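Q: Input: one structure, supplied below.
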Amino acid sequence: MPRKMDAAVSYVDIYAGESLKAGHTGSLRGPIVLSFFAALLLISIVFSRARRQRWVAYSATVLVAPALLYAAAKIGIRLELSYALTFLAIYAALRSRMRWKRRVEMVNQETGLAKLRALEARLIRDSVTNGHIVIAKIQNYERVLKTLRADDKGSYVLKLVDRLRAADSNLVVYSDGHHLGWHVANDDTDAVVEHLEGLRAIFAAPIQVGGFSVDVGITFGIAGVEGDPSARLAAAVAAAEETSEAHNPIAIAETGSQTDLLWDISLRARIDDAMEAGEIYCVYQPKIDLQSNAVVGVEALVRWHDPARGFISPMHFIQQCEKAGRMEHLTRYVLQSACSAGQLLHFRGHMISMSVNISATLLSDMRVVGLVRNVLQATRFDPCFLTLEITETARISDHEVAATILNELRSIGVRISMDDFGVGAANYEAFYELPFDEIKIDRMFVANIAKDPKARAIVASIAAMGRGARITVVAEGLENPQDIPMLQEAGCQQVQGFAFSRPLSLSNLLEYQELAPEQTLSNIV
Ligand code: C2E
Ligand code: MG
Ligand code: MG
């Protein structure tokens, strides 16, 4: 009885009889009402992209229920709403669970601060296109953590955050490992740099944690938020990684040309597809022993053949991968391909080593050890036959951490090589402080060994140094077979270069391997 909640019971029967007589007996069954609400929900999900729009659509869907009930009562149709309401309640419960899980994933358990992914999500959600992303890199973070008790680790980071909030107590800071990040609305890069210089001065005083006084070093990477926030956040992280306390404490990420920017944005999505589609693959360049003239190993070199752009040089896309934060992913893929190829070579009776390039930027935490261990386990490749060539050693920011990581890798049985020795800064320091089993003389010197006495002297001195340190010396980039005796004379043990072979596909390598070693050399020389 509409609007007569307090009517006597007998009226109900009378009213029912009257309405039956009047022919108002229609009813909408539960499944039909359920499908109507399901369709409504689907439309809300499909057509409301932004979060706020979706909330409005959800509220409207819920409000439809009483409105529908009222309208149906008016025209005398009975509505069975229980199915639809149960469905909406289950949907709401599942959505809140998902949101809660996502929120927990986005929070750093130790500090309770949101992770950088949350900053990325916020910038995307709010369509932020102005200001700067700042990433602070806490220097010696891992080393300090090792000395602190478990309960003090979080408070160490929170004390750092307090200092960052010196000028603005409402600043929302996100944290991920040794990175702290935030967004500043200021578009003036110079003003942001000036502010960060001020912050660095505040950090000059030590911090008190768990009864200890801890010296802190902090450096900053900044990137203007133009274009895709994800790419700019990755660029700010990459800039922070390039900083060093002594020489370059504040680094500004380059803007990049428009095409490069577009390339950056699409790269992240495309790199996974490219791996799956086999557009990214490895080629293998033989390493020859100068005494026995036998192929003793191969180096895996990554290649990308993009259907639209053609061959992309590894130099270029590795840099892009780094900016997009996909280096670990690429390294895992290359390691997997190389170890599987190595396993196949061993299976065919070629017991040679496999070298894989590892960017020095991956030596800042222990994750790379797990990565190598997992791939070795999955491919069952013998670790003693795996050599990791550390490229761009000048970029290792903390030698102590890197040494710990490299020693851990060596304990698995893997050999460590220093790539491109002689070019870039700080090579001797890295050579001295890190545990290498092999050194590769950069091709800049090897290629010019016949023409230039200076190059010859450099090759000889690096070879002598390697011999003195009892490690293998490899000359790379030898193009002219006539120069082989000079390398032998200089004391190099192994050589790699176009003089013997260009990098080969796995099937070509298997054919190359079928040749007797002596034949290989006599064919070419
Ligand atoms: P690298 O590790 O020093 O590799 C040797 C480079 O020298 C390769 O170039 C190889 O093709 C080239 N090369 C070898 N012999 C000769 C020669 O006789 N003459 C000349 N002119 N060049 C020669 P590529 O393949 O373009 O690789 C360039 C660099 O890219 C590598 O230098 C390495 O630093 C990096 N790279 C390649 N693959 C990977 C990878 O899977 N991961 C990482 N992190 N870096 C990689
Ligand atoms: Mg290499
Ligand atoms: Mg090299």
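Q: Output the residues belonging to segment 482-498 that are open to solvent by 80 Å² or more (accessible area, probe 1.4 Å) and under 19 Å from Gln285 (Cα atoms). So that I can check it myself, show each step before the final result.
A: Residues of segment 482-498 that are open to solvent by 80 Å² or more (accessible area, probe 1.4 Å), as a first pass: 482, 488-489, 498.
Once the filter is applied, which keeps residues that are open to solvent by 80 Å² or more (accessible area, probe 1.4 Å) and under 19 Å from Gln285 (Cα atoms), segment 482-498 yields only Phe498.
Q: Test of understanding: among Gln291, Gln285, Gln319, which residue is within 16 Å of ligand 2 (Cβ to nearest atom), in the same structural domain as Ser359 (by TED's automatic domain parsing) and touching a residue at least 12 places away in the same chain (Cβ under 8 Å)? I'd like the intermediate steps shown before the answer.
A: Numbers: Gln291 fails: within 16 Å of ligand 2 (Cβ to nearest atom); Gln319 fails: touching a residue at least 12 places away in the same chain (Cβ under 8 Å).
Unique residue meeting the criteria: Gln285.
Q: Here are some residues: Ser461, Ser417. Which one is more than 16 Å from ligand 3 (Cβ to nearest atom) and either free of Cβ contacts under 8 Å to residues at least 60 places away in the same chain or under 30 Å from Cys339 (Cα atoms) (or both)?
A: Working: Ser417 fails: more than 16 Å from ligand 3 (Cβ to nearest atom).
Criteria check complete, one pass: Ser461.
Q: While we're on this one: For the subset of segment 362-391 comprising residues that are within 27 Å of Gly325 (Cα to Cα) and either assigned to a loop (DSSP other than H, G, I, E, B) or within 16 Å of ligand 3 (Cβ to nearest atom) (or both), which member is farthest from the chain's Cα centre (by Cα)?
A: Thr387
Q: Any idea which of Ile265, Ile207, Ile222 is modelled with pLDDT of 90 or more and either surrounded by 17 or more Cβ atoms within 10 Å (Cβ to Cβ) or within 27 Å of the chain's Cα centre (by Cα) (or both)?
A: Details: Ile265 fails: modelled with pLDDT of 90 or more; Ile207 fails: modelled with pLDDT of 90 or more.
Answer to the selection: Ile222.
Q: Go through segment 44-64 and count every residue that is open to solvent by 100 Å² or more (accessible area, probe 1.4 Å) and over 23 Å from Arg122 (Cα atoms). Steps first, please.
A: At the first step, the residues of segment 44-64 found to be open to solvent by 100 Å² or more (accessible area, probe 1.4 Å) are 47, 49, 51-52, 55, 63.
Right, trim to over 23 Å from Arg122 (Cα atoms) and you get 63.
Total meeting the criteria: 1.
Q: Looking for something open to solvent by less than 50 Å² (accessible area, probe 1.4 Å), out of contact with any Leu (no Cβ under 8 Å at 6 or more places or on another chain) and among the β-branched types (Val, Ile, Thr) - is there at least one such residue anywhere in segment 152-175?
A: No, there is no match, as no residue in segment 152-175 is open to solvent by less than 50 Å² (accessible area, probe 1.4 Å), out of contact with any Leu (no Cβ under 8 Å at 6 or more places or on another chain) and among the β-branched types (Val, Ile, Thr).
Q: Out of the residues in segment 225-250 meeting the condition of being farther than 15 Å from Thr129 by Cβ, in a loop (DSSP other than H, G, I, E, B) and of a type outside the set (A, V, I, L, M, F, W, C), tell me which one is most open to solvent (accessible area, probe 1.4 Å).
A: His247
Q: For Leu199, are the conditions met, namely being buried (at least 17 other Cβ atoms within 10 Å of the Cβ), more than 25 Å from the chain's Cα centre (by Cα), assigned to a helix (DSSP H, G or I) and in the same structural domain as Ile250 (by TED's automatic domain parsing)?
A: Values: buried (at least 17 other Cβ atoms within 10 Å of the Cβ): yes; more than 25 Å from the chain's Cα centre (by Cα): yes; assigned to a helix (DSSP H, G or I): yes; in the same structural domain as Ile250 (by TED's automatic domain parsing): yes.
It is true that Leu199 is buried (at least 17 other Cβ atoms within 10 Å of the Cβ), more than 25 Å from the chain's Cα centre (by Cα), assigned to a helix (DSSP H, G or I) and in the same structural domain as Ile250 (by TED's automatic domain parsing).
Q: What single numbered condition from (1) open to solvent by less than 50 Å² (accessible area, probe 1.4 Å); (2) within 28 Å of Asn170 (Cα to Cα); (3) part of a helix (DSSP H, G or I) fails to hold for Thr111?
A: Every listed condition holds for Thr111 apart from (3).
Q: For segment 322-343, how many residues are part of a loop (DSSP other than H, G, I, E, B) and either free of Cβ contacts under 8 Å to residues at least 12 places away in the same chain or touching a strand residue (DSSP E or B) at 6+ places or on another chain (Cβ under 6 Å) (or both)?
A: 0
Okay, residues lined up against (1) within 16 Å of ligand 1 (Cβ to nearest atom); (2) under 30 Å from Ala240 (Cα atoms); (3) touching a Pro at 6+ places or on another chain (Cβ under 6 Å):
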residue	(1), (2), (3)
Arg348	no, no, no
Asp365	no, yes, no
Asp382	no, no, no
Glu389	yes, yes, no
Val446	yes, no, no
Lys454	no, no, no
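Q: Could you tell me whether Val446 is within 16 Å of ligand 2 (Cβ to nearest atom) and within 20 Å of Ile358 (Cα to Cα)? Let's see the steps before the verdict.
A: Working: within 16 Å of ligand 2 (Cβ to nearest atom): yes; within 20 Å of Ile358 (Cα to Cα): no.
Here the answer is no, as Val446 does not meet what is asked.
Q: Additional query: Select from segment 171-212 the residues that are in contact (Cβ under 8 Å) with a residue 12 or more places away in the chain and acidic (Asp, Glu) and write down the one among them that is nearest to Thr255 (Cα to Cα).
A: Asp187
Q: Working carefully through the options Glu479, Glu433, find the one that is farther than 21 Å from Ala360 by Cα and open to solvent by 30 Å² or more (accessible area, probe 1.4 Å). Full working, then the answer.
A: On the way: Glu433 fails: farther than 21 Å from Ala360 by Cα.
Result: Glu479 is the single residue among Glu479, Glu433 that is farther than 21 Å from Ala360 by Cα and open to solvent by 30 Å² or more (accessible area, probe 1.4 Å).
Q: Residue under question is Arg443, and the condition is that it be at pLDDT 95 or above, open to solvent by 30 Å² or more (accessible area, probe 1.4 Å) and within 16 Å of ligand 3 (Cβ to nearest atom); does it hold? Write out each step before concluding.
A: On the way: at pLDDT 95 or above: no; open to solvent by 30 Å² or more (accessible area, probe 1.4 Å): yes; within 16 Å of ligand 3 (Cβ to nearest atom): yes.
No.
Q: Let me ask something additional. When segment 132-151 is examined, which residues are found to be touching a His at 6+ places or on another chain (Cβ under 9 Å), crowded, with 18+ Cβ neighbours inside 10 Å and not polar (S, T, N, Q)?
A: His132, Ile133, Val134, Ile135, Ala136, Lys137, Ile138, Tyr141 - these are the residues of segment 132-151 that are touching a His at 6+ places or on another chain (Cβ under 9 Å), crowded, with 18+ Cβ neighbours inside 10 Å and not polar (S, T, N, Q).
Q: Filter segment 65-77 for residues that are touching a residue at least 40 places away in the same chain (Cβ under 8 Å) and surrounded by 14 or more Cβ atoms within 10 Å (Cβ to Cβ) and give the result.
A: Initial filter on segment 65-77 (touching a residue at least 40 places away in the same chain (Cβ under 8 Å)): 72-77.
Listed by number, the residues that qualify are Ala72, Ala73, Gly76, Ile77.
Q: Determine whether Glu408 is more than 16 Å from ligand 2 (Cβ to nearest atom) and either touching a Ser or Thr at 6+ places or on another chain (Cβ under 9 Å) or under 24 Å from Val375 (Cα atoms) (or both). Spell out the reasoning first.
A: On the way: more than 16 Å from ligand 2 (Cβ to nearest atom): yes; either touching a Ser or Thr at 6+ places or on another chain (Cβ under 9 Å) or under 24 Å from Val375 (Cα atoms) (or both): yes.
Taking the combined requirement at face value, the residue satisfies it.
Q: Of all the residues that make up segment 275-315, how many are away from ligand 3 (no atom under 16 Å from the Cβ), over 19 Å from Cys339 (Cα atoms), at pLDDT 85 or above and not in a strand (DSSP E or B)?
A: Result for segment 275-315: 6.
The values are calculated or read from the model by the stated rules, or taken from the named source; none is laboratory data. Fair warning: this is a prediction, and the values are worked out from it, not measured in the lab. Backbone-built Cβ (ideal geometry, glycine too); neighbour counts: all protein chains shown. Keep in mind that these areas ignore ligands, DNA and RNA; they rest on the heavy atoms of the full protein, side chains included. Shrake-Rupley method; radii C 1.70, N 1.55, O 1.52, S 1.80 Å.
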